[in-house]
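A short write-up of the structure that comes next.
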Amino acid sequence: MTEPTTTGGARTHLATAARVLIVAAIVVTVALAVRSQWADVRDTITTLGIWSLVGATFFVFLGMGAAVRAWQHALGSLHFPIPAFDAARCYLVGQLAKYLPGSVWAFVLQAELVRRAGVTRAAGFTAVLVTVGLSTTSALVVGLLALPALFQLSSVAAIGVLCLVPISLICAYPAVLTRLVNMLLRLLRRPPLTEPLTRRKIALALGWCATSWVFYGIHLWILTSNSVGLHPAGLVQCIGALALGMCAGVLVFVAPSGIGVREAVVVAALSPFMPSGVALGLALASRLIFTLCEVAAGAAAAALTSASLRNRLVHSRSRTVSPGPR
């Protein structure tokens, strides 16, 4: 009787130590990222008006809220509906891990955190796959707004986006997406889905993903207002460019949070309206604002993990009832 208890205690200590190490690694990498970004954008930030910074920050938070809703509907498409509060906690805290080398750590942490909301690890992992696919699809579609700028950066990349858009839309169709997810799960030696993805939830997730890109683009447009004013043409370019840049940053997972990739696309989009040096400064300022917003939202979500507080904020009847094994 003593040996199982000892083994269980050792596992608990190892799990606790792993959590501490992960948190410490995230804190250190985020602190280093903020420090390096501030050194690069100090002059740009000081030239921006306070209302530009406030407005840009506001739309980043709106975009993050839309992304949370997309994640929530992706889980719902797997027949694991969870309250928005739990979805926000899992998504926002998990996002902090993307600052570790390799963007996949954010997805791993999200899949682990969602278990506390009554969702199986397999369903959480599958929801990550679905969300990444839908986010990529919506980014490619929204990114069509920035095709002229992308052609200036790379004709091959622009033609690639044009080819990928119809393919990604076909893959996002629930019946096709269900088959693709099952194929990937088989490759990863995980059990396939027991039920197909629901059309309504997939459509809602895709719509919320697109909405998040629009909000993020408005954030960049507001930042550029000090240099070129608020022009509709600039808004279109900013929305498309940030969608493509952030999508490329996720796909190029070797760099932490896609550093460098996003900026290249954004600078290409802004160059027709301003000098490239100013465009680069704004692109870096945008990244710093994103970093600070994600840290603030993740820290707030982590602080609100108390069961008593969560139950006050979320009605008990809206809580998830953990279904049987899938």
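Worth a mention:
- Residue in segment 304-316 that is at pLDDT below 65 and either among the charged types (D, E, K, R) or crowded, with 20+ Cβ neighbours inside 10 Å (or both) present: yes
- Helices (runs of 4 or more DSSP H) wholly inside segment 99-162 containing at least 2 residues that are over 24 Å from Phe85 (Cα atoms): 121-143, 147-153
- Residues that are surrounded by fewer than 21 Cβ atoms within 10 Å (Cβ to Cβ), among the hydrophobic types (A, V, I, L, M, F, W, C) and at pLDDT 90 or above, drawn from segment 60-84: Phe61, Leu62, Ala66
- Residue within segment 210-233 that is farther than 28 Å from Arg115 by Cα, of a type in the set (Val, Ile, Thr), modelled with pLDDT under 85 and assigned to a helix (DSSP H, G or I) present: yes
- Exactly one residue out of Glu294, Glu263 is open to solvent by less than 50 Å² (accessible area, probe 1.4 Å), at pLDDT 85 or above and of a type in the set (D, E, K, R): that is Glu294.
- Selection of segment 242-260 for residues being open to solvent by 10 Å² or more (accessible area, probe 1.4 Å) and modelled with pLDDT of 85 or more yields only Leu244.
- Looking only at segment 174-196, and only at residues there that are part of a helix (DSSP H, G or I) and among the charged types (D, E, K, R), the one that is least open to solvent (accessible area, probe 1.4 Å): Arg186
- Residue within segment 163-173 that is over 30 Å from Gly281 (Cβ atoms), open to solvent by 70 Å² or more (accessible area, probe 1.4 Å), outside any helix (DSSP H, G or I) and not β-branched (Val, Ile, Thr) present: yes
The values are calculated or read from the model by the stated rules, or taken from the named source; none is laboratory data. Since the structure is predicted, the reported quantities are computational estimates derived from the model, not experimental observations. Ideal geometry is used to build each Cβ from the backbone, glycine not excepted, and the neighbour counts take in all protein chains shown. What goes into the accessible areas is simple: the full protein's heavy atoms, side chains included, and nothing from ligands, DNA or RNA. Shrake-Rupley method; radii C 1.70, N 1.55, O 1.52, S 1.80 Å.
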